[in-house]
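Here the structure comes first, spelled out in structure tokens, and everything after it is commentary.
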Amino acid sequence: MESMGVLMTCPMHSYIQEQLAKRFNLFKLWHFPSFVAFAQAHGTSVRAVVASVKVGVDATTIDSLPNLQIVSTYSVGYDNIDLRKCREKGIPVTNTPDVLTDDVADLAIALALSLFCTISHSPRRNSAPHLTPKLSGKAVGIIGMGRIGLAIAKRAEAFGCPISYHSRSVKAESGYRYYSNVLDLAADSEVLVVACTLTHETRHIVNRGVMDALGPKGILINIGRGPHVDEPELVSALTEGRLGGAGLDVFEKEPEVREELLRLENVVLTPHVGSDTVETCMAMADLVIANLEP
Ligand SMILES: O=CC(=O)O
């Protein structure tokens, strides 16, 4: 029996590519001159699409694959998949939750720690005596108290940080202080971490008002999605000293990173690598494959 046709939207970690190739009739979209050319030649063979944060699945793609039965994304976020179209066509969408939670939470803490060090280093280059702000004990506000938000909270608690959060609903069992309003959360936080899902409602959830409420000593960490933060406003706030610093793993127009951000000394940047550890990439790949197998 011929194996199922699976389309990968973009290059991913070698392990997932190898594992998919072993089991399925794998098509790599980037080996074709265009999606149209691919769809004309092989569109009817595809029964599954494997997407990632880099290249998702839009309505045109879904409409061009008449035998599509499942979209499986190699990511926890599925904001770049047209869920409405999938729902309309009865196509299930799967993702890779849980297995990457620890890595993303680790990165949020790593960004906060290295950001404090960076802020302390820049004046030191001018040889003026300067003391380091410390992370321990800082009031941490988390936007989004899902799996990742909770894992960040647990880690920050170990640093003696009081934890507050904003999310769609109160998570009473967490025992952390809930804010129904992001502005108030920011005003009462010294470190504000974005860990929520990207939706229409959470786009630019960190706007100028929130940055100003966080203030000149405040630190913003974004391990969610770039569009959660109004980036031009972020650059102004950092440049004008209205915000203390930012640790960013995600950007508004990935893979591009705004020039100004690269030049600022009070930022630490990583190129959307929250789940890029060997163990987690393998676990994510195994989950994608398990989701595809009948
Ligand atoms: O950003 C990474 C993911 O959604 O897995």
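The values are calculated or read from the model by the stated rules, or taken from the named source; none is laboratory data. Bear in mind the structure is a predicted one, so any value in this text is a computation, not a measurement. Because the Cβ atoms are built from the backbone with ideal geometry, glycine has one as well, and the counts that use them run over all protein chains shown. Heavy atoms of the whole protein, side chains included, go into the accessibility calculation; ligands, DNA and RNA do not. Shrake-Rupley method; radii C 1.70, N 1.55, O 1.52, S 1.80 Å.
What the table shows:
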item	result
Karplus-derived 3J(HN,Hα), 6.51/-1.76/1.60, for each residue of the stretch 58-74, Hz, glycine and proline x	9, 4, 4, 4, 4, 5, 8, 10, x, 9, 5, 10, 7, 10, 10, 9, 8
Mean separation of Cα contacts under 8 Å (6+ apart) over length of the chain, as relative contact order %	16
Residue-span extension gain [residue 106 to residue 30] - 0.36 nm each, minus C-alpha spacing	24.2 nm
Relative packing of 156-165, 23-32, which averages over residues the other C-beta atoms within 10 Å, highest first	156-165, 23-32
Measure of compaction for the stretch 1-149 (Cα Rg per 2.2 N^0.38 Å)	1.46
Fraction of antiparallel bridges per DSSP, the chain only, in percent to nearest 5	0
Candidates 50, 273, 194, ranked by Gaussian network fluctuation over the chain, Cα under 10 Å, top entry	273
Rounded accessible area of residue 63 (nearest 10 Å², 1.4 Å probe)	80
From the C-alpha gyration tensor of the stretch 100-269, square roots of 5λ in Å	24, 18, 14
Lys pairs, the chain - Cα-Cα below 20 angstrom, 8 or more residues apart or on other chains	8
Residue-by-residue Karplus 3J(HN,Hα) for the stretch 280-294, coefficients 6.51, -1.76, 1.60, Hz, glycine and proline x	6, 4, 5, 5, 5, 4, 4, 5, 4, 5, 4, 5, 8, 7, x
Cα-based radius of gyration of the chain once divided by 2.2 N^0.38 Å, which approximates compact folds	1.09
Top of 243, 107, 131 by mean-square fluctuation, Gaussian network on the chain, Cα under 10 Å	131
Cut-off under 5 Å, modelled amide H: who pairs with residue 57 long-range	81, 82
Mean Cβ count within 10 Å, highest first, over the residues of peptides 132-140, 213-221	213-221, 132-140
Nonlocal amide H pairs with residue 270, under 5 Å, H built at 1.01 Å	248, 249
Among 193, 55, 76, residue whose mean-square fluctuation peaks in a GNM of the chain (springs only between Cα atoms under 10 Å)	55
Backbone HN-Hα couplings from phi across the stretch 146-155 [Karplus 6.51/-1.76/1.60, Hz, Gly and Pro as x]	x, 4, 6, x, 5, 5, 5, 4, 4, 5
Per DSSP, loop GluC sites (Glu not before Pro) in the stretch 179-286 with at most 10 further Cβ within 10 Å	201, 240, 256
Net dipole in debye of the stretch 100-269 [+1 Lys, Arg Cβ; -1 Asp, Glu Cβ; about Cα centre; nearest 20]	400
Environment charge at residue 16 (Cβ cut-off 12 Å; Lys +1, Arg +1, Asp -1, Glu -1)	+1
